[in-house]
Amino acid sequence: METGFDFDRYDHVRPILWTGDALELLDQRKLPFRIEHVACHDSDAVAAAIRDLVVRGAPAIGIAAAWGVVLAARGVDVADGAEAAARLEPALQRLNAARPTAVNLAWALARMRRALAGAGADWRELVEREAKAIADEDLAANRHMGALGAALIEPGSGVLTHCNTGSLATAGFGTALGVIRAGMAGGRIARVFAGETRPWLQGARLTVWELQQDGIDATLIADSAASHLMKTGAVQWVVVGADRICANGDTANKIGTYQLAIAARHHGVRFMVVAPSSTVDLDTPDGDAIEIEQRDPGELYGVGGVRTVAEGVAAWNPVFDVTPASLIDAIVTEKGVVTAPDPARMRALFAA
Ligand code: MRU
C-alpha cells in the first residue's frame with residue numbers, strides 16, 4: 001500500500017534479531033536503563049525467554065517461538081519434513097507452554113508444523129524461510145494497520161494507550177502503537193497518553209521510552225488516572241493491542257484494558273483494538289473460554305526490586321483481562337476493520 005509515510009523515520013527499535021546462528025533478544029526486563037541482549041542457542045532457551053518476559057507482546061512471542069523451532073531443528077538429522085515434525089514436536093510443545101493467553105504463540109507454531117508437514121529433503125531451509133516470513137508479514141501487517149487505524153481518528157485528537165504494543169512487542173512498528181505512530185505523522189493525533197501498566201510497567205518502562213526513541217512526545221499517567229483524564233476531554237480514543245480476539249469479538253489484553261473500556265464508554269471516548277489477524281482466534285467462541293495467565297504475586301510486592309508491601313500479605317496477579325465486544329468500537333487488522341464487532345461481522349472478515 002502506498003501511504004507516502006516514512007516508516008523508518010518513526011521506527012527504530014527492534015526486539016528480535018536472527019543472526020543466522022542464534023536468536024538475539026533485547027532484554028525487556030532491563031529497559032529502559034540497560035540495553036542488553038540475551039542470546040538463545042536452543043529452543044528451550046527461547047521458551048525460557050518467553051516465560052521470563054525477556055521477549056513479550058503477542059506477535060513478538062510468536063515470532064520468537066518460530067525462530068525457536070529453527071534452533072530446535074539444529075540437532076535433528078532426518079530425511080524429510082514429516083519425520084522432522086515428529087522429532088521436533090516435544091520442543092514445540094515446550095515453546096507453546098511458555099505463556100497461555102496470547103494465541104499468536106500457538107498460531108506461529110501451527111504455521112511451522114504446516115511448513116514441516118509439506119517439506120521434503122529441503123525441510124531445514126523451509127522452516128527457516130517460514131520463520132522469516134512470519135516476522136516479515138508481521139511488520140507489513142503493522143504498517144498497513146497503522147494507516148487503517150489512524151484513518152478512524154479525527155485530526156487533532158488525543159489518545160490513551162495501555163501496556164506496550166510497539167516495535168518492542170512485534171517485528172516492528174507495532175499494533176496500537178503503529179496506529180499512534182501513523183496518526184502522529186499524519187497530524188491526526190495531537191496528544192498521546194500512556195498508562196504505567198502495573199505491575200510489570202510495560203507502559204512506564206517500555207512504551208514511553210520506545211516513543212522517545214522515535215521523537216514522539218507521550219505523557220505518562222498512573223493507571224488509576226485514566227477515568228479522570230477522560231473526564232477532562234483530552235482523549236477521544238483509547239487504542240490498545242490484543243493477545244487473543246475471540247469469534248464474537250471479545251478481546252483479551254493486558255490487565256487493566258477492561259476497566260479502560262468501561263471508563264471510555266462512560267465518558268463517550270471511543271475504544272479501538274489493533275492486532276494482526278494472527279491474534280484472531282475463531283476457535284475460541286468468547287472471552288469466557290480464554291485461559292488468563294496468572295503470574296507470581298511477587299510482581300505486586302515491590303517496585304524496581306524494592307519491597308513495598310508488608311510480609312505475609314496475599315496477592316492475586318492475573319496479567320490479562322477480557323474486554324467484551326460490546327465495549328469495542330473498532331477492531332483493526334491488516335485484513336480490514338470490524339466496527340461494533342459481533343460474531344457475524346467477525347466471520348465475514350476472518351472466516352474466509
Ligand atoms: O505480558 P505482555 O507484556 O506480553 O502483554 C502484552 C500485551 O498485553 C499487549 O497489549 C499485546 O500482547 C499486544 S502487543 C502488540
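Observations
- Looking only at the stretch 178-190, and only at residues there that are aliphatic (A, V, I, L, M) and touching a residue at least 60 places away in the same chain (Cβ under 8 Å), the one that is surrounded by the most Cβ atoms within 10 Å (Cβ to Cβ): Val179
- Residue match in the stretch 275-287 (condition: open to solvent by 40 Å² or more (accessible area, probe 1.4 Å) and within 16 Å of the ligand (Cβ to nearest atom)): no
- Selected residue [open to solvent by 60 Å² or more (accessible area, probe 1.4 Å) and among the aliphatic types (A, V, I, L, M)] from Leu17, Leu23: Leu17
- Test result for Phe193, within 16 Å of the ligand (Cβ to nearest atom), surrounded by fewer than 24 Cβ atoms within 10 Å (Cβ to Cβ) and under 20 Å from Val273 (Cβ atoms): yes
- Cβ separations smaller than 6 Å between residues 6+ apart or across chains give the following pairs from the stretch 151-171 residues that are at negative phi and free of Cβ contacts under 8 Å to residues at least 60 places away in the same chain to residues that are assigned to a loop (DSSP other than H, G, I, E, B) and more than 7 Å from the ligand (Cβ to nearest atom): Pro155/Gly187; Pro155/Arg188.
- Close pairs (6 angstrom Cβ cut-off, 6 or more residues apart or separate chains): of a type in the set (S, T, N, Q) in the stretch 297-318, surrounded by 12 or more Cβ atoms within 10 Å (Cβ to Cβ) anywhere: Thr308/Gly302; Asn317/Arg295; Asn317/Pro297; Asn317/Glu299; Asn317/Leu300
- Test: residue in the stretch 100-109 that is out of contact with any strand residue (DSSP E or B) (no Cβ under 6 Å at 6 or more places or on another chain), assigned to a loop (DSSP other than H, G, I, E, B) and either open to solvent by less than 20 Å² (accessible area, probe 1.4 Å) or farther than 20 Å from Gly68 by Cα (or both): yes
The values are calculated or read from the model by the stated rules, or taken from the named source; none is laboratory data. Here the structure is a predicted model, which means the values were calculated and not measured. Counting neighbours? That spans all protein chains shown, and the Cβs are built from the backbone with ideal geometry, glycine included. Protein only, heavy atoms only, side chains kept; ligands, DNA and RNA dropped before computing areas. Shrake-Rupley method; radii C 1.70, N 1.55, O 1.52, S 1.80 Å.
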